[in-house]
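We did not get these values from a lab; they are worked out from the coordinates using the rules stated. Everything numeric in this text was worked out from a predicted model, so none of it was measured. Cβ placement follows ideal geometry from the backbone for every residue including glycine, while neighbour counts extend to all protein chains displayed.
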C-alpha cells in the first residue's frame with residue numbers, strides 16, 4: 001500500500017498542472033450536484049421524526065462552558081413516561097451527562113412536528129469550525145515554519161471536506177432508507 005501511495009503522490013506531483021484543475025472541477029461539480037438535488041427529506045414513506053431529520057450527523061455537543069437543560073414532564077403532550085435518571089443510574093459519576101428512556105402515547109409515525117422538533121433541538125455550537133481551522137493553521141505554521149507549507153494541507157482538507165459534504169447532499173435523495 002505504501003508503494004501505491006508513493007507512486008500516486010509522485011504522479012500527482014509530476015502532473016500537478018492537471019491534478020489541481022481536476023480537484024477544483026470535482027468540487028464545482030459536487031457543489032452543483034448538491035444545489036441541484038431535490039431535498040433529501042422528500043421521501044415516499046410515512047412522515048416520522050427519522051424521515052424528516054436532517055441528513056447531517058448531530059454536532060459533537062455544546063461548546064465548552066455552556067450547558068443545556070431539557071425539562072420533561074410525563075403525561076404532558078405525547079410523552080407517556082420517562083425513566084427516573086437517578087434510580088435507573090442514568091447520570092454519569094461526574095454529573096455532566098444524563099440518559100433517560102422515553103415512552104410515548106403514540107407510535108413514532110404519529111408524533112407531531114412539535115414533538116419531533118423538541119427532540120431534534122440542538123444547542124448552538126458557535127463558530128467552532130472556524131476556531132478549529134485557525135488553531136490547526138497556527139500549529140501547522142509553527143511546525144512547518146512557512147505559511148505556504150501550512151496552507152497546502154489546510155487547502156487540501158477544506159477541498160476534500162467540501163467535495164465529501166457536497167456529494168453526500170447530492171446523493172442523499174437517491175438513497176432509500178427502509179421504514180421500520
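Data table
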read-out: Cβ-derived FRET efficiency at R0 35 Å, residue 174 paired with residue 149, nearest 0.05; value: 0.30
read-out: Ranked list, fewest to most other Cβ atoms within 10 Å of each Cβ, for 155, 171; value: 155, 171
read-out: Exposure proxy ranking, count of Cβ atoms within 10 Å, fewest first, for 135, 19; value: 135, 19
